[in-house]
Each structure stands twice: as C-alpha cells, then as structure tokens.
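Please read the structure below before turning to the comments.
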Amino acid sequence: MFVDLTRKTGIVALAIPALLWAAPAKLSAADSKKKKDATSAAATAEKPKTVELDISKLVFPPAPAVPRLRYLDYYSAEKREPAKSVAKEQKKAGWMDRLAGVTPGSEKTAETPKPRFQLLSPYGLAVDSKGLLYVADTKVGAIFIFNPENSDLQMIKNGTDARFKSLFGLAMDDSDNLLAVDGALRHVMVFDSNHKLQTTFGEANLKNPCGVAIDVENRYVYVADADLDQVLVYDADTYTLLRKIGTTGKEHTLRDAGNFSKPTNVAVDKDGNLYVTDTLNDRIEVFDADSKFVREFGKNGDGAGDFARPKGIAIDSDGHIWVADAMLNRIQVFTAEGQILMGLGGFGIMPAQFQALTGLAFDTKNNRLFTAEQLLGRVQMFRYYTNAEAKAELDKKTAELKKKADERSVVTNPKAAVTAPAASTPAAPEPAAAKDEGKATPTTTPAVTAK
C-alpha cells in the first residue's frame, strides 16, 4: 500500500470586485455612531484558529491499516538563542565552526549568543551500540554525532580529528569502530569507539568510493565505487583487498546481471547476502557471501516497485529491504526476494516527504529508521513497528471487531443470544487422522509483513 504525500492542498483566492461610490462631505451623527460600532466589532472579532499538525499520529500506512512506521522527529539546524549585547569584542569564527556550533570565546562569556548545529548536505548514516546517530555531511566536511534521547551533540571535525574532503558513506562494526568513506581522497577511514582515527585503506584500489557496509559474521567490508562500476570486498580485520564484484572500464554501459552502472550504496542482511543499489540501471542486485549473483529486482519507472535513481539502502530487524529513491523522493520496502510491500514519501518539506533522498540507516536495537536528504539538509527519524508488534496490533483490532459484532448480534437478535450462549458452543470435531494418531491438527497463523 502506497502513501502518496505529494498532493498539496490548493488555496483558491476569490477576487470580489468592489464598487466605489462618492461619499457625502459630512456624515450624520447616527451614521458616525454606526461606523464606530462596526469598527469596534471588527476589532474585537475572534481571530481564526490555526490548525497544527499532530505528528504523534503520523503513521504509515494510515488507519485503518496496521501501522508499520511512525514519524518521530528530524535534525536540521537548531534554533539560535536570542542575541544579547556583548561589550567585549569576540574573535571571528570560521565558517565550519559557525555551522558546527563552536563559538570562539563562548566559554568565557556566558552572554554570547551560541550558534547551533546546521546540516547542509547529509549523506551517510550509521548507528552505534549505544543508539548514537552518526551523520556524514559532505558540504560541512564533518561527522555529526547525535543522541536521539536528548540534545547532546558531538563532532568529528575536519582539520582537528581527521582530514575530510568529500564525505559519503558510513558504517559501524560490532566493536563500534566507525568506517567513513571519502570519495575525493579515495579511501575509507577507520575511527575507534572514542572517535580517534586509527587507519585508512583503499587508496591503491578505489577511484570514487561512495557506500560502505560490513558483514560482521563473515568479516567482510563492502565498498561501492561509482566510477569503477564495482563493489570491492575487503577483510574486516586487516582491511586487505580480497576480491572485486563487477566489471570496470566500460564507462557505465553494462546492463547484464552481476555488473553495475554507478553502484552507490550497499547493505548486508543477517544471512550474509549483499544488496547493491545499481543506480543508473535502476535496480537492486543481490549477491551471496561468496560474491555470486543471486537475483535482481526493480526497473526504471515510477510505479510500485520501480526506481528512478535508487541510492540509500538499509535492512530492518525483520529482514525487509528499504530503498531510498533520489529522484522520486520516496522509500519503498521489499521482501528479500524483491516483492514490494509498502511505499511512502514524495517531494516536499512536510514529515515523510523528501528532497534528494540519499541515505538510509536502521537502529535495529531501538527499531528506528533514519533518512538523509541533501537538498533540505535534513535527517528524519521514524519508529519502525516489527512483524511481532504488527501482529499483536492486528490481533487486538480483530478481537475488538469481533466483540463489536457480537454486541450488535445480541441487540438485533436477543433470542439467539439466550438460546445459543457462547459457553455452550460445542468444539469442532477432531479429524479422524489426528484422532487415530493421538495428535491435534496443526494450525497456522499468517505472518504479518509490512503492507
């Protein structure tokens, strides 16, 4: 079920022509009093109330369907504090410090207005074991670290903690080591859990790396290179190159299975399968842990299951595949086999609308989804409802509907309620085969998946 948020409410202005009449030079006392009363009444008239959007009820798909996603909040730029007069002249801050919320001398002067953080072009996203959100901003040249539980902000800054030129993908391993891709510097940086740079790798092999993902079970690091049309596979412990997936040197012309045309991002499921957004081919390609081609899904178009420049990709705790479409500005959810389950989004500035949607990341521990959009400089946060939670909600709604149906039946047919009470309803006869074997007939409950 798709949720179309691209429709905008039109406001039609009706122009009413007015006739201008020549007024007499003098007004009578009665006319003057009437005019004064009318003016007073207009001034005291109640102003129309503004209707605010209740984002706490913004869920997808909408009621009466069982919700699978709920909008929570977003990160973009904090509101500045009111400026106060400061007698002491302050040192001028650099442009990156102003964006990052760092004011020279602010620790000495409490009255100095504090600039807050501002995202300009977020791309890569990652979440550590503590639930902290990492955002790579290409234009600011820094990695922002947000705590979704409060307003705490940390940063890994260019020139101070590392050297950045063009940040793209992020990934977090099982030891909270952060891997950050720099496309212009043609390498992947590794930061430890204290955000200290440990090493870099890939300089000898990469040309324009973009997305990165880690297979913690099989100990692989996958790096998508958009210029090489390849995904490079590294050892997750030594960072040595193991193999390459795809053919390079064909200038983005290959369309056959197992090859790419500007692959941008990658994701790994719990079984070690690799999912690659083959961006110019408008499809997702799937490989096993040995880098053998398994399947593909998607094609160019704007219908359900189609793509127009897929970029970000992430996998939730139930194994669903979430794909961000940069041109259609929507998210689509698929099974591992490529069956479309749900979609949401559209171009706009409202919650769950997007502009240049490029990044996706899941916090599977807290069931949160994060999205990065470059034109608005914004990261949105959603709450994901798992299959188990959705099934419980479905069972609850089914029970409520049955209860209401039974109550209506009692009202419309009270005789039947007296002559055939629910307690005296006989159990269904046991099948002969089960009776002979002394076993109950097995029953199955359909799994609840994203709709």
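Remarks
- Taken over the stretch 162-220, the criterion of being among the acidic types (Asp, Glu) and not in a strand (DSSP E or B) is satisfied by Asp173, Asp174, Asp176, Asp192, Glu203, Glu217.
- Among the residues of the stretch 303-329, those that are out of contact with any strand residue (DSSP E or B) (no Cβ under 7 Å at 6 or more places or on another chain), open to solvent by 50 Å² or more (accessible area, probe 1.4 Å) and either free of Cβ contacts under 8 Å to residues at least 12 places away in the same chain or farther than 17 Å from Thr358 by Cα (or both) comprise Ser317, Asp318.
- Here is the figure for the stretch 133-161: residues that are of a type in the set (Val, Ile, Thr) and assigned to a strand (DSSP E or B) total 4.
- When Met350, Met342, Met381 are checked against the criterion of being in contact (Cβ under 8 Å) with a residue 40 or more places away in the chain, in contact with an Asp or Glu (Cβ under 8 Å, 6 or more places away or on another chain) and either surrounded by fewer than 20 Cβ atoms within 10 Å (Cβ to Cβ) or within 15 Å of Leu69 (Cβ to Cβ) (or both), Met381 stands alone in meeting it.
- Of the numbered criteria (1) open to solvent by less than 60 Å² (accessible area, probe 1.4 Å); (2) free of Cβ contacts under 8 Å to residues at least 24 places away in the same chain; (3) not in a strand (DSSP E or B), the one Thr238 fails is (1).
- Considering the stretch 384-431, the residues that are β-branched (Val, Ile, Thr) and either open to solvent by 90 Å² or more (accessible area, probe 1.4 Å) or not in a helix (DSSP H, G or I) (or both) include one that is modelled with the lowest pLDDT, namely Thr425.
- Filtered residues of the stretch 149-162 (kept if without any contact (Cβ under 8 Å) to a residue 40 or more places away in the chain, aliphatic (A, V, I, L, M) and surrounded by fewer than 18 Cβ atoms within 10 Å (Cβ to Cβ)): none
- Check on Gln332, part of a strand (DSSP E or B) and without any contact (Cβ under 8 Å) to a residue 40 or more places away in the chain: yes
- The stretch 168-203 - residue that is charged (D, E, K, R) and in contact (Cβ under 8 Å) with a residue 40 or more places away in the chain and, of those, surrounded by the fewest Cβ atoms within 10 Å (Cβ to Cβ): Asp174
- Scanning the stretch 215-227 for residues that are open to solvent by 30 Å² or more (accessible area, probe 1.4 Å) and either without any contact (Cβ under 8 Å) to a residue 60 or more places away in the chain or among the small types (Gly, Ala, Ser) (or both) returns Val216, Glu217, Arg219, Asp227.
- Residue under evaluation Thr264, criteria (1) of a type outside the set (A, V, I, L, M); (2) under 26 Å from Thr200 (Cβ atoms); (3) under 28 Å from the mean Cα position of the chain (by Cα); (4) not in a strand (DSSP E or B), criterion not met: (4)
- Candidates Leu120, Leu72 - the one that is open to solvent by 20 Å² or more (accessible area, probe 1.4 Å), in contact with a Lys or Arg (Cβ under 7 Å, 6 or more places away or on another chain), at pLDDT 95 or above and part of a loop (DSSP other than H, G, I, E, B): Leu120
- Residue among Lys130, Lys165 that is free of Cβ contacts under 8 Å to residues at least 60 places away in the same chain, farther than 22 Å from Tyr234 by Cα, in contact with a Leu (Cβ under 7 Å, 6 or more places away or on another chain) and open to solvent by 50 Å² or more (accessible area, probe 1.4 Å): Lys165
- Filter pass, Thr277 being buried (at least 18 other Cβ atoms within 10 Å of the Cβ) and either touching a residue at least 60 places away in the same chain (Cβ under 8 Å) or more than 21 Å from Ala126 (Cβ to Cβ) (or both): yes
- Restricting the stretch 164-175 to residues that are under 17 Å from Asp192 (Cβ atoms) and of a type in the set (D, E, K, R), the residue that is farthest from the chain's Cα centre (by Cα): Asp174
- Number of positions in the stretch 303-338 that are more than 18 Å from Leu69 (Cβ to Cβ) and either in contact with a His (Cβ under 9 Å, 6 or more places away or on another chain) or of a type outside the set (Gly, Ala, Ser) (or both): 8
- Taking the stretch 126-159 as the range and being modelled with pLDDT of 95 or more and of a type in the set (Ser, Thr, Tyr) as the test, the residues that pass are Ser129, Tyr134, Thr138.
The values are calculated or read from the model by the stated rules, or taken from the named source; none is laboratory data. None of the values given here were measured: they were computed from a predicted structure. For neighbour counting, all protein chains shown are included, and Cβ atoms are generated from backbone atoms with ideal geometry for every residue, glycine included. With ligands, DNA and RNA removed, areas are computed over all heavy atoms of the protein, side chains included. Shrake-Rupley method; radii C 1.70, N 1.55, O 1.52, S 1.80 Å.
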